[in-house]
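Please read the structure below before turning to the comments.
The values are calculated or read from the model by the stated rules, or taken from the named source; none is laboratory data. Source: prediction; values computed, not measured. Cβ sites come from the backbone with ideal geometry, for glycine too, and all protein chains shown count toward neighbours.
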Amino acid sequence: MNEQANAYLRQRVFSASPEELRLMLLEGALGFARQGAQGLRERNFEQSYQGIHQCQDILMELISALRPEIAPDLCKRLAALYTYMYRRLMEASSQRDADIVDEVISLLEYERETWLMAMDKLREERAGASQNGPKPSVSGSALHRQAGSAEDRVAGMSISVQG
């Protein structure tokens, strides 16, 4: 990547909300998985290794960003899904099978679409809350929200940016 692209990406990451950061990770995982599948199909094993390895790194970041203290059932299910995708990528790499990577791509696309819907729901709830009066009170460092809100579900994630 050139200097301008790096500067743009850095600015985009530092100005993004946690929800947008997770979306960026999902999109990155998709891009790298596609790169890995293409490399396998073209028998370019360096390209496939790089794509699959980067996708696996993002999946590990998504797992480590889960916050089970906020949404334990959701986090358990997401961790199982991400672990499954990680294992499938290992199999794809060792068997040099692009169809397995395609399965992971399909799951990541579904996850991305689901996340976009959750973000839309959260935006709607936040817009409704801002029109209906003051924000919920903050006690200590805990924000009191209605149980079952989209914000509670989104709060099951935290994203760290490294590098």
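Numerical summary
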| quantity | calculated |
| --- | --- |
| Among (1) surrounded by fewer than 19 Cβ atoms within 10 Å (Cβ to Cβ); (2) hydroxyl-bearing (Ser, Thr, Tyr); (3) within 18 Å of the chain's Cα centre (by Cα), the one test that TYR49 misses | (3) |
| Of all residues making up segment 52-65, the number that are over 10 Å from the mean Cα position of the chain (by Cα) and more than 30 Å from ARG41 (Cα to Cα) | 1 |
| Filtered residues of segment 28-45 (kept if of a type outside the set (A, V, I, L, M) and assigned to a helix (DSSP H, G or I)) | GLY28, GLY31, PHE32, ARG34, GLN35, GLY36, GLN38, GLY39, ARG41, PHE45 |
| Qualifying residue in segment 18-27 (condition: over 17 Å from GLU109 (Cα atoms) and outside any helix (DSSP H, G or I)) | no |
| Scope segment 77-100; condition of a type in the set (A, V, I, L, M) and more than 17 Å from the chain's Cα centre (by Cα); matching residues | MET90, ALA92, ALA98, ILE100 |
| Residue check, LEU89 of a type in the set (A, V, I, L, M, F, W, C), assigned to a helix (DSSP H, G or I), within 21 Å of TRP115 (Cβ to Cβ) and at pLDDT 95 or above | yes |
